[in-house]
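Colleague: The structure that follows is given in the form of structure tokens.
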Amino acid sequence: MGGPRGVTAARPLFGCIEAGGTKFVLGIARDPDTILRTARIATTSPQETIAAALDFFTAAQGEWGDFDALGIASFGPVDLDRTSPGWGRIVDTPKPGWSGTDLVGPFARALACPVGFDTDVNGAILAESLWGAAVGANIAVYVTVGTGIGGGALVEERPVHGSRHPEMGHILPRRHPDDRDFAGICPFHGDCLEGLASGPAIAARWGASLSELDADHPAHDIVAHYLAQLVVAQQAVLSPRRIVLGGGVLGTPGLIDRVRIEAARLANGYFGTPDYATLITSPGLDDRAGLLGALALAQRARR
């Protein structure tokens, strides 16, 4: 635990927010090995959720002193353009009531400290590159496959931003020959990757989660086929040294091995002969990647 307020040896102090569509995970940290306190709050309305998070951080200020910085790794889409008047906001999102929410402003004003802000998946790959499965990889990708499919990329220690942040779940894959009739569930694209291989897409097609289906069910090969296409697309576009696959769907026994085998088959030797067991890996930080991603964003904001 940290010392009393005003003891300089206890600095720095960081606030961390993993902002999810279902829950916010909050943390107070010195560094990745010194997490002083965590809490989880339900994602309800923006007003209620932000107010509850602010109560947590202001109470922490009374105990440990002022924050050096805060990091927010958020569900999206979000505005990451610092030249934009909408920077720090959640933009059009299917989460009811959250479109247009200013996520950074209330914390910056109340805590009077710098705020680092990025997507949850960009935060996750930043954390994995510092402390997890992507250490030493100058180009790395993190993909989460669960309720949705999202991905973040890091190139030479910098998260990829552009006119927007990456939306890897919305690439348009080739259809598996045994999966021609399912229309897909994405309200924008139908059979994009998220529309075909996310948790809800699997449940809509086969009536159960992937892990609940028999090991010889064709769903396993079909989902692996779609995720392998994302891997090959990443090889073609970014040439990453590590692709970290996380999220609830990837908890299905044997799935990551199927993805490795299928990616090697689809690549057909074109990208050399990478060791797909090394290229494609599970998260090294497990379920801490999001919160530690927020910590990494806070550390960068303090510089």
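Colleague: Restricting to strands (runs of 3 or more DSSP E) lying wholly in segment 1-106: which have 3 or more residues that are touching a strand residue (DSSP E or B) at 6+ places or on another chain (Cβ under 7 Å) and surrounded by fewer than 18 Cβ atoms within 10 Å (Cβ to Cβ)?
Modeller: Qualifying strands (runs of 3 or more DSSP E): 34-42.
Per-residue answers, yes or no, for (1) modelled with pLDDT under 95; (2) more than 19 Å from Gly152 (Cα to Cα):
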residue	(1), (2)
Gln234	no, no
Arg242	no, no
Val259	no, no
Gly272	yes, yes
Asp286	yes, no
Ala289	yes, no
Gly293	no, no
Arg300	no, no
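Colleague: Quick test for you: out of Ala215, Ala224, pick the one residue that is among the hydrophobic types (A, V, I, L, M, F, W, C) and in contact with a Leu (Cβ under 7 Å, 6 or more places away or on another chain).
Modeller: Result: Ala224 is the single residue among Ala215, Ala224 that is among the hydrophobic types (A, V, I, L, M, F, W, C) and in contact with a Leu (Cβ under 7 Å, 6 or more places away or on another chain).
Colleague: Next up: Return the residue satisfying two criteria in turn: it lies in segment 218-246 and is open to solvent by less than 10 Å² (accessible area, probe 1.4 Å) and β-branched (Val, Ile, Thr), and of such residues it is farthest from Ala133 (Cα to Cα).
Modeller: Looking at residues that are open to solvent by less than 10 Å² (accessible area, probe 1.4 Å) and β-branched (Val, Ile, Thr), I get Ile222.
Colleague: Here's a follow-up. State all residues of segment 1-25 that are modelled with pLDDT under 50 and aliphatic (A, V, I, L, M); if no residue qualifies, say none. Explain how you work it out, then say what you get.
Modeller: At the first step, the residues of segment 1-25 found to be modelled with pLDDT under 50 are 1-8.
Listed by number, the residues that qualify are Met1, Val7.
Colleague: Related question: Being open to solvent by less than 60 Å² (accessible area, probe 1.4 Å), assigned to a helix (DSSP H, G or I) and either among the acidic types (Asp, Glu) or touching a residue at least 40 places away in the same chain (Cβ under 8 Å) (or both) is the filter here; which residues of segment 252-265 pass it?
Modeller: Answer for segment 252-265, where residues must be open to solvent by less than 60 Å² (accessible area, probe 1.4 Å), assigned to a helix (DSSP H, G or I) and either among the acidic types (Asp, Glu) or touching a residue at least 40 places away in the same chain (Cβ under 8 Å) (or both): Leu255, Glu262.
The values are calculated or read from the model by the stated rules, or taken from the named source; none is laboratory data. Since this is a predicted model, take the numbers as computed values, not measurements. Glycine gets a Cβ as well: all are built from the backbone with ideal geometry, and neighbour counts include every protein chain shown. SASA here: full protein model, heavy atoms, side chains in, ligands and nucleic acids out. Shrake-Rupley method; radii C 1.70, N 1.55, O 1.52, S 1.80 Å.
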